[in-house]
Amino acid sequence: MIPLNTSIVSGVALSRVDGETKMLLMKRVKGEFWCHVAGSIEGSELGWQAIIREFKEETQIEVGSLYSAHFMEQFFEPQVNVIQFIPVFVVLCRDNQAVILNDEHTHYRWCSLEQAKALTPFPGQHALYDHIWSYFVDNKPNAMLKLDIQSS
């Protein structure tokens with residue numbers, strides 16, 4: 001049997017940069033590939049609490065507007081014989097959002113959809129970015145996907 005890991009969350013940040021909507025990608029130290037924010041749930045955290053913490057740790061972004069992307073990243077990691085099943089969140093950032101990286105990443109870039117897909121190596125990332133662009137950039141986000149993080 002192949003184990004299923006559900007202890008990771010991920011999130012895509014969107015910001016209007018110089019008048020155009022862009023998504024944040026970062027180049028990981030480990031593996032040297034481009035990706036979005038992701039990390040493990042700690043202790044008794046809920047998924048949305050973990051992604052808020054991960055954004056702060058990895059980018060110094062204070063999350064103010066958080067949505068469920070209504071998308072699950074799923075892939076098999078043969079090196080550890082695990083299927084990863086990862087809920088995705090979307091962070092709508094202020095215009096020209098500043099980013100300060102921690103030591104997990106070497107570079108960051110605010111990207112168009114095409115740039116993001118050209119930089120990232122995995123088909124699952126491309127499918128995720130297409131989904132995010134369609135439901136959060138080309139169309140107004142569904143209000144039912146917005147998380148009330150202020151009163152929680």
Cut-off of 10 Å, at most 11 other beta carbons, DSSP loop: longest stretch of the chain lacking such GluC sites (Glu not before Pro): 43-152
In whole Å, what is the distance between the alpha-carbon centres of the stretch 113-152 and the stretch 74-105? 12 Å
If the viscosity is 1.567 mPa s and the temperature 4 °C, what translational diffusion coefficient in µm²/s does Stokes-Einstein give for the stretch 4-143 when Rh comes from Kirkwood over Cα pairs? 85 µm²/s
Check the chain and count each lysine pair with an alpha-carbon distance under 23 angstrom, considering only pairs eight or more places apart or from different chains. 10
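Any read-out appearing in this document is the output of simple, stated calculations on the displayed coordinates, not a laboratory observation. On a predicted model such as this, the values are computed, not experimentally measured, just so you know. Note that we place each Cβ from the backbone using ideal geometry, even for glycine, and neighbour counts take in every protein chain shown.
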